[in-house]
Amino acid sequence: MKTMKHSFWQPVIGLEIHLQLNTESKLFSSAPNRFGDEPNMNISTVCTGQPGALPILNKEAVKKAVLFGLAVKADISLCSTFDRKSYFYPDSPRNFQITQFENPIIQNGSITTNINGKPRTFTIREAHLEDDTGMLKHFSTFAGIDYNRAGAPLIEIVSTPCIYSPKEAIAYATAIRSIALYLGISDGNMDEGSMRIDANISVRLKDETTLRPRAEIKNVNSFTFLEQALLSEMERQISLYTNHPNAPFHELIPPSTYRFDQAQKKTVLMRKKETSEDYRYFPEPDLGPIILSKSWIEELKSNLPELPEERFHRYTTSLGLTEYAATTLINDKELSDYFEEALPHCPYASSLCNWITIEFIGRLKNTNQTLRSIQLPPSHVAKLVTFIENKTITGPIAKAIGDEMIASPHLDPESIIAQNPNYQPLSSESDLGPIIDEVLKENRQSIIDFKAGKERAFGHLVGQVMKKTKGSASPDVVNALLRKKLTT
């Protein structure tokens, strides 16, 4: 049978995002919740599942979970409960995880983000509290277990199957991470495992309305790998369906868990997927229900910070930023906050955004540094942009000053200009007149072309003047003087 084109197929994707909460201690013990320490230093009898050790719930973790629920406009359960999820693996010393299966703390949320200039809303089925596992570390001749992460507080954010492309999956996951950063509930560091993604994906023909069997891809730790993993799994499933058109769907795609092999850039089978019955869920006997009051929830809601969606709307409507520029800023909270601090010192929001996100970030691209880490004051960038917009300096001079600001972040752009005569713009007729005369003498043909109605010739003459002045001439003055000389 001839293989159907991929354009006939549609992926259906749901994401389970595990977001580690940045509390000082773990979810059920007083052991430190901290990354990067020596193995097995931040542990307690609860973390390591010692007989008789009893969990005590971390109130701050509950608060951070509720803040997330409010940010995604979800229903907050006034009474939620914990359950035991049984499985046997070395990184889970109790042989069960404490999670929320029957009564999660957050249900029925949604987030809206901008994709290709259009708003797109994704629905969240639930988000529940649970504790993390330890980490298996594989060496050449043995494997070790680091329990520092065991017991760290997580919220697992479960979307509905409402995502229809890898690009949408990245946009959704990016929006979740941004919300967490704006709320201050997690650092969202995917390299350190603070945010990990499980993706469930099936494919179907575009005219179908029912879902086909899905596969799960576990523990994806970057947005790039998420896209590559989803594309690989789409390819695998489409090939199975097109090469076996008469086979039952469940035989071709049995419930299975895959991992993404970064070297091969393909999904690789890990194991047949367990069902909920295999986990033998039952109510956690050592923890009572979480009881919340409406007044406490309303108090948290009234103190929510400005969130990415709201900031995007303000940037595009009040400040006049393009949707692309606004998206670039809100997806990087540190950069967006830097822009916010510079904004009161500069009335030119669009130009300020461009200089921060393009000019200065471009200069730092290969240095592993940020505007914050080099301690370049936002007010200095604002002052530079104001000088440009007020035509105090020219664009080429501004770029040179930008280089010096990166090299010496403590220097004010005004001081840099004062200390360098080459940065003083040429704007007087006495300075520019002789240079323009020289350019006109050297470009007779351009004068003829201009007088014949070829406006491009005028641009060439302006360019020659700017070249001779090394970009220090005021373009407005050059234009005015040139036209005066050419028309008299």
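Among all residue pairs at least 6 apart or on different chains, which show Cβ distances below 9 Å where the first residue, located in the range 322-342, is assigned to a loop (DSSP other than H, G, I, E, B) and the second is polar (S, T, N, Q)?
322/316; 322/350; 331/174; 331/178; 332/178; 332/357
For the range 365-450, give me every one of the helices (runs of 4 or more DSSP H) that falls completely inside it and has 2 or more residues that are of a type in the set (Asp, Glu) and touching a residue at least 24 places away in the same chain (Cβ under 8 Å). So that I can check it myself, show each step before the final result.
Numbers: elements: 378-389, 395-407, 413-419, 429-442.
Of the helices (runs of 4 or more DSSP H) lying wholly inside the range 365-450, those with at least 2 residues that are of a type in the set (Asp, Glu) and touching a residue at least 24 places away in the same chain (Cβ under 8 Å) span 429-442.
Suppose we filter 16, 38 for residues that are assigned to a strand (DSSP E or B), under 25 Å from residue 193 (Cα atoms), in the same structural domain as residue 195 (by TED's automatic domain parsing) and of a type in the set (D, E, K, R); which single one remains?
16
Are any of the residues in the range 134-141 surrounded by fewer than 22 Cβ atoms within 10 Å (Cβ to Cβ) and within 18 Å of residue 185 (Cβ to Cβ)?
No.
Name the single residue, out of those in the range 448-464 being over 44 Å from the mean Cα position of the chain (by Cα) and surrounded by 15 or more Cβ atoms within 10 Å (Cβ to Cβ), that is farthest from residue 395 (Cα to Cα).
449
If you go through the range 195-210 one residue at a time, do you hit one that is in the same structural domain as residue 258 (by TED's automatic domain parsing), touching a residue at least 60 places away in the same chain (Cβ under 8 Å), on the phi > 0 side of the Ramachandran plot and not in a helix (DSSP H, G or I)?
no
Considering the range 262-295 alone, what residues qualify as being free of Cβ contacts under 8 Å to residues at least 24 places away in the same chain and either within 18 Å of residue 203 (Cβ to Cβ) or surrounded by 14 or more Cβ atoms within 10 Å (Cβ to Cβ) (or both)?
Correct list: 269 only.
Given the criteria small (Gly, Ala, Ser), touching a residue at least 40 places away in the same chain (Cβ under 8 Å) and over 18 Å from residue 7 (Cβ atoms), does residue 222 qualify?
When the stated conditions are applied, residue 222 does not pass them.
For (1) β-branched (Val, Ile, Thr); (2) over 30 Å from residue 475 (Cα atoms); (3) in contact with a His (Cβ under 8 Å, 6 or more places away or on another chain); (4) in the same structural domain as residue 112 (by TED's automatic domain parsing), each residue gets a yes or a no:
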| position | (1), (2), (3), (4) |
| --- | --- |
| 320 | no, no, no, no |
| 330 | yes, yes, no, no |
| 357 | yes, no, no, no |
| 369 | no, yes, no, no |
| 372 | no, yes, no, no |
| 382 | no, no, yes, no |
| 404 | no, no, no, no |
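When residues of the range 296-306 are filtered for being under 20 Å from residue 82 (Cβ atoms) and in contact (Cβ under 8 Å) with a residue 24 or more places away in the chain, how many remain?
Adding up the residues that qualify gives 1.
Name every residue in the range 192-203 that is crowded, with 18+ Cβ neighbours inside 10 Å and either out of contact with any strand residue (DSSP E or B) (no Cβ under 8 Å at 6 or more places or on another chain) or among the charged types (D, E, K, R) (or both), in order of residue number.
Across the range 192-203, the qualifying residue is only 196.
Looking at the range 105-145, what strands (runs of 3 or more DSSP E) fall wholly within it and have at least 2 residues that are within 23 Å of the chain's Cα centre (by Cα) and either under 30 Å from residue 310 (Cα atoms) or not small (Gly, Ala, Ser) (or both)?
Where strands (runs of 3 or more DSSP E) fall fully within the range 105-145 and carry at least 2 residues being within 23 Å of the chain's Cα centre (by Cα) and either under 30 Å from residue 310 (Cα atoms) or not small (Gly, Ala, Ser) (or both), they are 106-115, 118-131.
Residues in the range 92-105: is at least one within 15 Å of residue 21 (Cα to Cα), in contact with a Lys or Arg (Cβ under 8 Å, 6 or more places away or on another chain), at pLDDT 95 or above and surrounded by 19 or more Cβ atoms within 10 Å (Cβ to Cβ)?
Checked against the condition, which is being within 15 Å of residue 21 (Cα to Cα), in contact with a Lys or Arg (Cβ under 8 Å, 6 or more places away or on another chain), at pLDDT 95 or above and surrounded by 19 or more Cβ atoms within 10 Å (Cβ to Cβ), the range 92-105 yields at least one hit.
Given the structure, is residue 211 surrounded by fewer than 16 Cβ atoms within 10 Å (Cβ to Cβ), over 26 Å from residue 331 (Cβ atoms) and not charged (D, E, K, R)?
Judged against the criteria, residue 211 is a match.
Could you list all residues from the range 12-31 that are touching a helix residue (DSSP H, G or I) at 6+ places or on another chain (Cβ under 9 Å) and either closer than 23 Å to residue 177 by Cα or modelled with pLDDT under 95 (or both)?
Of everything in the range 12-31, those that are touching a helix residue (DSSP H, G or I) at 6+ places or on another chain (Cβ under 9 Å) and either closer than 23 Å to residue 177 by Cα or modelled with pLDDT under 95 (or both) turn out to be 13, 15, 17, 19, 20, 21, 22, 23, 24, 25, 26, 27.
So is residue 174 surrounded by 14 or more Cβ atoms within 10 Å (Cβ to Cβ), in the same structural domain as residue 71 (by TED's automatic domain parsing), within 15 Å of the chain's Cα centre (by Cα) and over 22 Å from residue 135 (Cβ atoms) or not?
Judged against the criteria, residue 174 is a match.
Assuming residue 358 fulfils every condition listed in (1) over 28 Å from residue 326 (Cα atoms); (2) loosely packed, with under 15 Cβ neighbours inside 10 Å apart from one, which condition is it?
(1)
State which residue is modelled with the lowest pLDDT when the search covers only the range 277-321 and only residues that are farther than 27 Å from residue 177 by Cβ and assigned to a helix (DSSP H, G or I).
277
Cβ contacts < 8 Å: first residue within 23 Å of residue 38 (Cβ to Cβ), restricted to the range 142-170; second residue aromatic (Phe, Trp, Tyr), any location; separation 6+ or different chain. Result?
Between residues of the range 142-170 that are within 23 Å of residue 38 (Cβ to Cβ) and residues that are aromatic (Phe, Trp, Tyr), the close pairs are 148/35; 149/35; 151/28.
Of the conditions (1) at pLDDT 95 or above; (2) in contact with a Ser or Thr (Cβ under 8 Å, 6 or more places away or on another chain), residue 266 fails just one. Which one is it?
Here residue 266 meets the rest and fails (1).
The values are calculated or read from the model by the stated rules, or taken from the named source; none is laboratory data. Since the structure is predicted, the reported quantities are computational estimates derived from the model, not experimental observations. A quick note on method: Cβ atoms are made from the backbone with ideal geometry, for glycine too, and the neighbour counts reach across all protein chains shown.
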